[in-house]
Every structure is written in structure tokens, then in C-alpha cells.
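The values are calculated or read from the model by the stated rules, or taken from the named source; none is laboratory data. From a predicted model like this one, the values you see are computed outputs, not experimental measurements. Don't worry about glycine lacking a Cβ; one is built from the backbone with ideal geometry, like all the others, and counts go over all protein chains shown. Protein only, heavy atoms only, side chains kept; ligands, DNA and RNA dropped before computing areas. Shrake-Rupley method; radii C 1.70, N 1.55, O 1.52, S 1.80 Å.
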Amino acid sequence: MTIRLRVNGTDHTVAVDPDTPLLFVLADELGLRGPRFGCGVAHCGSCTVMVHGEPVRSCVLPVRHAAGTDIVTLEGLGTPDAPHPLQQAFIDEGASQCGFCLSGVILTAKAVLDAKPDASDAEIRGALGGVLCRCFTHTRMLRAIRRYADGLKGTR
């Protein structure tokens, strides 16, 4: 079946089984490496992408459900030369170690702060509760997210 996707602002047409998980299409058909295969059952968050501004676990989302939506991966936020301000905050705080969980952490934090720019640290931690990180950089990650959130306050 042919499915049309809009990923990171670019339209794509892929010929895949409509039940294929979106993650596999993003990685295998489009060559994107931001979302990662972790648990395969939507528990770890490493496969997180944004669909219409909401964080979604792409390892369990059939690609047919993503057709016609606006999908953003970690790569779609910024570029190496011009990272998104949240990505820059992670760089400035040294908040990423192995990087495996970054799609889940960054895209979930962005969605929370897009919906509620003045979210408390407890609200941010609560939203991130379902994203697993094995490097234990939580303190630096929270500092980076707070840095970004504080920057949002300056733009209002």
C-alpha cells in the first residue's frame, strides 16, 4: 500500500504494509535515526515522535494511523548548525550521555511546554515519568528543560 507522510516538513510517499510501525518506516524507509527502537511496547519512550504536536510512541503506531498527519522527529526540531533552543539547552547543560532517550525526553518536554509554558518542575517530571534513561543525567536534563522554559518566559 502507498502511504503519504509529512515528516519534518517534507512530504514522503512510502510503499509499505499499513500495519508496519511508524518507527520502522521512519528508520528503514526515510533513514531517520532520532527515534530509536528500545522496548518495542511503548514503555521506554526512545521511539517518541510528535504527531500534531503530541508525543507518540512510534514503535506501536501503525503507519496507516500516521498518514495525513504532521510528524516531527528529533531531527526535525533543529539542525546541527542551528539547533532548536531546547536542543541547545541540552548541549549547554551537557544533558545527554548516550542519547538513546533523547527523542522521548526532548519531544515530551517540548510538548508539555508548548501546551503550558509555565509548567512546574513537578509537572515536567511527571510528564517525563514514562521515559526511561539509563545514563542517569536526569538532573542535567531537568536543568536544560528549565533553561528552555525560562527562555520561553522571556519571549512572551
task: Enter the accessible area of LYS116 (Å², nearest 10), with the probe set to 1.4 Å and all protein chains included.
output: 80
- request: Rounded to the nearest 10 degrees, what's the angle between the helix 102-115 long axis and the longest principal axis of the chain, both from Cα atoms, 0 to 90?
  value: 70
- prompt: Can you give the accessible area of GLU123 in Å² (nearest 10), computed on protein heavy atoms with a 1.4 Å probe?
  reply: 80
C-alpha long axis of helix 138-155 to longest principal axis of the chain, angle in °: 80
message: By the 4.7 Å beta carbon criterion, which cysteine residues of the chain come out unpaired?
response: CYS98, CYS135
query: Carbon and sulfur: what percent of the stretch 50-112's accessible surface (1.4 Å probe)?
result: 56
message: How far apart, in nanometres, would the label points at ASP118 and ASP70 be if each is projected 7 angstrom from Cα along the Cα-to-Cβ direction?
response: 2.5
- request: Could you pull the accessible area for THR2 with a 1.4 Å probe, rounded to 10 Å²?
  value: 90
Accessible area (Å², per residue) of the chain, counting only protein heavy atoms and a probe of 1.4 Å: 51
message: So for each of 124-134, 17-27, 46-56 I average, over its residues, the number of other beta carbons within 10 Å; can you give me the resulting order with the highest mean first?
response: 46-56, 17-27, 124-134
- prompt: What size of dipole, in debye to the nearest 20, comes out for the stretch 1-132 about its Cα centre when the only charges are +1 on Lys and Arg C-beta atoms and -1 on Asp and Glu C-beta atoms?
  reply: 240
message: Report the Cα centroid-to-centroid distance between the stretch 44-94 and the stretch 19-40 in angstrom, as an integer.
response: 12
- prompt: In units of 2.2 N^0.38 Å, what is the alpha-carbon radius of gyration of the stretch 1-125?
  reply: 1.04
Cα centre as origin, Lys/Arg/Asp/Glu Cβ charges: the stretch 1-79 dipole, Debye: 120
- prompt: Charges only on Cβ, +1 for Lys and Arg, -1 for Asp and Glu: so what's the dipole of the stretch 63-152 about the Cα centre, in debye to the nearest 20?
  reply: 300
task: Mind listing the long-range amide H neighbours of THR48? Cut-off is under 5 Å, sequence gap 5 or more, other chains count too, H placed in the peptide plane at 1.01 Å from N.
output: ARG36, SER58, GLY104
